[in-house]
Amino acid sequence: MKPPILLKIASVIMALHAVGHVFGVASSNKGSTSEEQDIIHAMTDHRFPIMGATRSFADLYNGFGNIVTVSLLLMAVLLWMTGFFANQFSAVSKKLTLVLFIGLFLQSILEFVYFFPAAALMTLIAALLTGASFLRIKTGI
């Protein structure tokens with residue numbers, strides 16, 4: 001498969017990952033057991049000063065979740081754009097695919113360690129597609 005197609009598939013996977021992340025963050029404040037609800041209340045009820053603002057742990061948790069969603073969308077856009085320019089600007093695209101591959105691969109490891117397999121597998125597949133694209137881009141140099 002040609003590099004632009006591989007990168008665009010990786011982009012779609014990361015966009016789907018972002019959509020899933022939106023739903024995950026939105027549902028993270030609902031506990032299904034009394035223990036989970038107690039933890040959620042503890043995270044939301046206690047506010048404390050932190051670096052000039054007053055926040056709860058839930059505020060920080062949700063903020064990180066939203067930041068990650070933006071980062072996933074940014075990754076999807078970068079993959080799409082790199083795929084779009086892979087033939088026309090192959091030298092730059094090759095460098096970008098290497099950086100994107102490394103970032104995605106490291107992210108997939110962190111997702112396996114700290115989150116759950118579905119998220120990690122999506123990122124790992126995107127990383128492998130990006131790595132395959134890197135190997136296929138011909139720079140002419």
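Just so you know, all these numbers are worked out from the coordinates, no wet-lab data involved. Bear in mind the structure is a predicted one, so any value in this text is a computation, not a measurement. Please note: Cβ atoms are built from the backbone with ideal geometry, for glycine as well, and neighbour counts cover all protein chains shown.
Checking understanding here: applying a Kyte-Doolittle mean of at least -0.5 and a length along the axis of at least 27 Å (C-alpha), which whole DSSP H helices in the chain pass?
Span-like helices, by this rule, are 3-26, 57-84, 90-114, 117-136.
If the only charges are +1 at each Lys and Arg Cβ and -1 at each Asp and Glu Cβ, what is the size of the charge dipole of segment 1-114 around the Cα centre, to the nearest 20 debye?
720 debye
If the reach is capped at under 27 angstrom between alpha carbons, list the lysines near residue 2, excluding any in the same chain fewer than eight residues apart.
Within reach: 94, 95, 138.
The list [x] 15.8, 44; [y] 14.8, 48; [z] 18.6, 63 gives values of Rg and Dmax of the Cα atoms in Å, and only one came from this structure; which label was calculated from it?
[z]
Positive end of the dipole of segment 3-136, charges at C-beta (+1 Lys, Arg; -1 Asp, Glu), about the Cα centre: which of 28, 6, 51 has its Cα farthest in that direction?
Towards the positive end, the residue furthest out is 6.
Spin-label point model (7 Å from Cα, Cβ direction): what's the residue 116 to residue 91 distance in nm?
Here the answer is 4.7 nm between the modelled labels.
On a C-alpha basis, how far is the centre of segment 112-135 from the centre of segment 34-70 in Å? Whole number, if you could?
28 Å
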